[in-house]
Amino acid sequence: MLSTAANLINKLACEHNLSDAELLTLITSTEPDINNLLACKADKLRRKYYGDKVYIRGLIEFTNYCKNNCYYCGIRAGNSLAERYRLTQEEILACCAEGYRLGFRTFVLQGGEDAYYTDDKICAIVSAIRKQHPDCAITLSIGEKSSASYQAYFDAGANRYLLRHETADVEHYAKLHPDCMSLENRKRCLFDLKEIGYQVGSGFMVGSPYQTPQNLVSDLRFLQKLQPDMIGIGPYITHEHTPFKDMASGTLEQTLRLLSILRLLFPYALLPSTTALGTIHPNGRELGLQAGGNVVMPNLSPVSVRKKYELYANKICTGEEAAQCRGCLEARVKIAGYNIVTDRGDVRRTLDKSEGEKL
Ligand code: SAH
């Protein structure tokens, strides 16, 4: 006799969906070995779609100024202890050039919501990267903007946008953010981005303060509505200079469990094994790949600013040059049983007929 959880996992692996009650059971189950069983099914499915390929995205954290005050985030405006920095266009281009040399074909420009970078400045940066690296994908992750701004960045050459919804439950959203921010606007942004034609990434933190298992089910349902190309999740990690300084961090186990569930719900998705996962456990990123992840996002920011982009405590990889990070990651990915590839790593929504028949 299979246990309840094992039955649910089999059903999820076949049907790529479960009822709310079933998802809740899987998320909260304390039966032993669930994570192993989930990871096994998730890995089989990711290999069907993506083989052993792991895509790399070069992350350039170009500003830690932010006008927002998200209660969980270390670079929130209200953290007067954060040492602020901005990279110039030349510095950003230098990061891309070094990244390109190291085999990166996707650059992710991430930052706080920093009014210094007007739409004109962002467009100038994007066009300059587009001109120098026509074969690369350019991803932006700079928060909530108007549809017109998103359109302008897209026209300048941006292809992808990362904006985690953070939580799909209105009440939970209000516990994580001040009143001037709303889940409604966050969702509006995500649908605008899709409409414009971006490849979109969304996601949430696992174990964020006040999060309930039911909230996680809502997150999964929202993602099913949005159908993003990429889904980024990582454990919430407490930062001591935020209002949540006394709150517990999320766990490795729960994050791995959600990663596998996401792979089984979204066979095609690009799922990063995040730096936050590597921060809460020395082998977190390897375990994330084995649980269904197929993307890693090493840092290309200059070493001099790495520590300052401190979203959460003890962030890893803040001391090494990009080339060292690339080498280290290559070895880690290999040991985990996969291979880094140096192409753009676009999403695969469908399989060729022969691939579909293989399993
Ligand atoms: N300003 C951009 C980038 C935000 S930082 C935006 O609004 O999208 C990128 C992600 O880091 C956030 O979306 C959030 O999910 C995550 N993050 C922030 N603080 C964190 C913390 N304390 N622990 C774990 N992840 C965190």
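Here are a few things to note about the model shown:
- If the Kirkwood radius is taken over C-alpha pairs of the range 83-179, then at 4 °C and 1.567 mPa s the Stokes-Einstein diffusion coefficient equals 88 µm²/s.
- Cys residues of the chain counted as unpaired, since no other Cys beta-carbon is under 4.7 Å: 14, 40, 66, 95, 96, 123, 136, 180, 189, 317, 325, 328
- Counting only Cβ charges, +1 for Lys and Arg and -1 for Asp and Glu, the dipole size of the chain around its Cα centre is about 600 debye.
- Gain upon complete extension [residue 313, residue 40; 0.36 nm per residue less C-alpha separation]: 95.2 nm
- Solution diffusion estimate, µm²/s, Stokes-Einstein, the chain, Kirkwood Rh from C-alpha pairs, 20 °C, viscosity 1.002 mPa s: 104 µm²/s
- Net charge dipole size for the range 221-269 [Lys, Arg +1 and Asp, Glu -1 on Cβ; Debye, nearest 20]: 240 debye
- Within the straight-line cut-off of under 28 Å between alpha carbons, the lysines reachable from residue 11 are 41, 44, 48, 53, 225, 353, 358, sequence neighbours fewer than 8 places apart in one chain being disregarded.
- Potential lengthening between residue 214 and residue 19 on full extension [0.36 nm per residue; Cα-Cα distance subtracted]: 69.0 nm
- Between the alpha-carbon centres of the range 253-267 and the range 59-91 there is a gap of 30 Å.
- Percentage, to the nearest whole number, of Cα pairs in the range 253-348 over 21 Å apart: 34 percent
- Summed residue charge, Cβ within 15 Å of residue 307's Cβ, Lys/Arg positive, Asp/Glu negative: -2
- Within the range 1-106, GluC sites (Glu not before Pro) in DSSP loop having at most 16 other beta-carbon neighbours inside 10 Å: 83
- Among residues other than residue 201 with Cβ under 9 Å from its Cβ, the summed charge is +1 (Lys and Arg +1, Asp and Glu -1).
- Among 111-124, 298-311, sorting by the average number of other beta carbon atoms lying within 10 angstrom of each residue, highest first, gives 298-311, 111-124.
- Subtracting the Cα-Cα distance of residue 77 and residue 3 from their residue separation scaled by 0.36 nm leaves 21.8 nm.
- Unit charges at the beta carbon, dipole of the range 211-359: most positive-side option, 298, 335, 268: 268
- Reciprocal of mean inverse Cα separation for the range 155-260 (Kirkwood radius, Å): 14.6 Å
- Between residue 86 and residue 247, the C-beta separation translates, for a Förster distance of 30 Å, into a calculated FRET efficiency of about 0.50.
- Local electrostatic count at residue 263 - Lys and Arg +1, Asp and Glu -1, tallied over other residues with Cβ under 9 Å: +1
Taken together, the values in this text are just the output of simple stated rules run on the coordinates, not laboratory data. These numbers come from a predicted model, not from an experiment. FYI the Cβ positions are ideal-geometry reconstructions off the backbone, even for glycines, and counts take in every protein chain you see.
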